[in-house]
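Chemist: Below are the structure tokens for one structure; questions will follow.
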Amino acid sequence: MTSMNKQSGLIIFLLLALIITGPSCGIYTFRDVSVDYNKIKTCKVGFIENKARYVSPQLSSRLTDNLKQKINSYTKLTLVNSDDANYIITGYISRYDVSLAAISNGQSSGNRLTVAASITFVNTVDNKTDNFTVSRDFDFSANLSLQQAESSLSTDIINQMTDLIFNHIFSNW
């Protein structure tokens, strides 16, 4: 065997070994939704009201709808409107604040929008309640008004806040 063939063989062997053993190392695993579908069948998502000092007009309805869609897409739970659901998710937007994020040459060069939601998750089957808050910062240029920043950030805000709420409730992270 030539030196080139040996190197090629070694590289192929190492790549195959990495592919075979890589997923089993457990470092970068995603844990699927953790629901006992034998006990848990239904979920109610209440309207996530905006109680922040500044009220973004579409945030509450979009966040509520997006959370419902994610639950519908990623779980086998049936969404219901009744209070006798197995899981009940309620909450409100508690923060929607802009602050200074960066200064350059003595002037503001960046702003930060902080969005937070206080969520109550009730598991009526196991009689457990979890109150938690999710929060995320979204930076934007100081050259933009809040309304301009909202138009470019709104989808990102909705998706990230939805993911934070969903992952806290349904994943073992």
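Chemist: Would you pick out the residues in region 118-173 that are closer than 19 Å to K70 by Cα, touching a Gly at 6+ places or on another chain (Cβ under 8 Å) and of a type outside the set (V, I, T)?
Modeler: Listed by number, the list holds a single entry, S118.
Chemist: Considering only residues that are small (G, A, S) and in contact with a strand residue (DSSP E or B) (Cβ under 9 Å, 6 or more places away or on another chain), look in region 54-96 and name the one that is surrounded by the most Cβ atoms within 10 Å (Cβ to Cβ).
Modeler: G91
Chemist: Which condition does T120 not pass, out of (1) within 18 Å of R53 (Cβ to Cβ); (2) surrounded by fewer than 18 Cβ atoms within 10 Å (Cβ to Cβ), if it passes all the others?
Modeler: (1)
Chemist: Identify all residues within region 55-101 that are assigned to a loop (DSSP other than H, G, I, E, B) and charged (D, E, K, R); write none if there are none.
Modeler: Hits for region 55-101 are K76, D83, D84.
Chemist: If we keep just the residues of region 25-53 that are modelled with pLDDT of 95 or more and of a type in the set (S, T, N, Q), which is surrounded by the most Cβ atoms within 10 Å (Cβ to Cβ)?
Modeler: N50
Chemist: Please find, among S154, S99, S171, S82, the residue that is touching a residue at least 12 places away in the same chain (Cβ under 8 Å) and in contact with a helix residue (DSSP H, G or I) (Cβ under 8 Å, 6 or more places away or on another chain).
Modeler: The match here is S154.
Chemist: Suppose we filter T162, T133 for residues that are out of contact with any Ser or Thr (no Cβ under 8 Å at 6 or more places or on another chain) and either surrounded by 19 or more Cβ atoms within 10 Å (Cβ to Cβ) or assigned to a strand (DSSP E or B) (or both); which single one remains?
Modeler: One residue alone meets the criteria, T162.
Chemist: Answer yes or no as to whether R95 is at pLDDT 95 or above, over 26 Å from S82 (Cα atoms), of a type in the set (K, R) and within 23 Å of the chain's Cα centre (by Cα).
Modeler: yes
The values are calculated or read from the model by the stated rules, or taken from the named source; none is laboratory data. In this text, all values refer to a predicted model and were calculated from it rather than measured experimentally. Virtual Cβ from ideal backbone geometry, glycine too; neighbours counted across all protein chains shown.
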